[in-house]
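Input: a single structure, listed below in structure tokens.
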Amino acid sequence: MDAPAGVGFSFNFGGNLTYTDTQVAIDNHQALIAFFTNKFPELKNNDFYIAGESYAGTYIPMLAGKLIDDKTNFPNFKGMLVGNGCLNDKLLFNTVIQYSYNHAFIDETYYRNAVAKCCNGKASENCDWYQFSANPNGNCFNESLTLNYANFFTGLDPYFLYFSCYLDQPGGTNSVEDMSYKTQKSYRNTMTNFHAKRFNYPPHVQASLPSCSHHNDAEVYLNRLDVRGAINVPGNVQNYAECSDTIANNYITEYHDMTPFVLKVVQASLKVLFFNGDVDSVCSHVQMLIVGHYKSERDDRGVVEVLISRATTL
């Protein structure tokens, strides 16, 4: 599903493009009801899983909670999968710094000076950079942000380090090439602006960021007229775009920790899979190394208790 409505080929003709985490969960739930009730009722009795990546680390656990509560429409909901998900802002912020340092994205002298100034004798791994980022007047605000967004200034694509970013527009006047460059730039800027708003980055950060080489591939393909026709996209639906500046700029993040929603799925004895590729530096695999594990145990009454264990070091 393309969510929120207004990105991809999902549409919202009502004019209000301000969404919250809760509203997106409601919309996704209603969309799935329509899918299984009106469009493909023959699929309703199949085992059903939901999956997503990146900010779907918020969308998927919240949607899973609604499916658990709606056994009438989703009798065979079995579990969820989240890839490189944004599950906890504090964990995400702090582990990205370790990821960047261990990939040599951060100047060694600057890093050591920042740790000496801000961490009260502790190692950086045990330093809460996230709390510093929440206080613009604090002593270590600038250091926390500089360390956190170092991965955006490497010349590599921070979402996929095997790809490069380009500082200059490609040559040529072909309309596909023009569209390619524009969608690369738009996707990168939209994602970065959303990330910047979430973590209080200063405005100058976005201005100097280049576009990346691969983010436009699906957009160029899906906006071909023959492809739109083949998949029955109505003519009054907007061009396909993976992101929307308007939606991103007006989006209201309500939850910064998905633990309660994940635990609800675990307590329902459903299957949960978190998986991470190691070349996404934004929602990196390092956070999963210290999340620990969700473990369910039944006591004599048959009540499920959920224990969360967290390692203290990476």
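The values are calculated or read from the model by the stated rules, or taken from the named source; none is laboratory data. Note that this is a predicted model, so its numbers are computed, not measured. With ideal geometry, Cβ positions are generated from the backbone for all residues, glycine too; neighbour counts draw on all protein chains shown. Side chains are part of the model used for accessible areas, which takes the heavy atoms of the whole protein and leaves out ligands, DNA and RNA. Shrake-Rupley method; radii C 1.70, N 1.55, O 1.52, S 1.80 Å.
Largest accessible area first, the listed residues Thr20, Thr37, Thr95 line up as Thr37, Thr20, Thr95 when surface is computed with a 1.4 Å probe on the assembled protein chains. Rolled with a 1.4 Å probe across the full set of protein chains, the surface gives His29 an accessible area near 30 Å².
Here Met62 sits with roughly 20 square angstrom of accessible surface, probe radius 1.4 Å. For the cross-link pairs Lys39/Lys78; Lys90/Lys117; Lys44/Lys71; Lys39/Lys264; Lys90/Lys271, the ones whose C-alpha atoms lie over 18 Å apart are Lys39/Lys78; Lys90/Lys117; Lys39/Lys264; Lys90/Lys271. Model label sites at Asn45 and Ile231, defined 7 Å from Cα along the beta-carbon direction, differ in position by 3.0 nm. A compact globular protein would have a Cα radius of gyration near 2.2 N^0.38 Å; the ratio found for region 1-121 is 1.48.
Between Phe13 and Asn113, the contour length at 0.36 nm per residue exceeds the alpha carbon distance by 30.8 nm. What does the accessible area of Lys122 come to, in Å² to the nearest 10, when a probe of 1.4 Å is used? Lys122 has an accessible surface of roughly 100 Å² with all protein chains in place.
With every protein chain kept in the model, how would you rank Ile33, Ile231 by accessible area, 1.4 Å probe, largest at the top? Intermediate results must be reported in sequence, preceding the final value.
Numbers: Ile33 35, Ile231 90 Å².
Of Ile33, Ile231, the descending order of accessible area is Ile231, Ile33.
The distance from the alpha carbon centre of region 226-255 to that of region 19-85 is 19 Å, rounded to a whole number.
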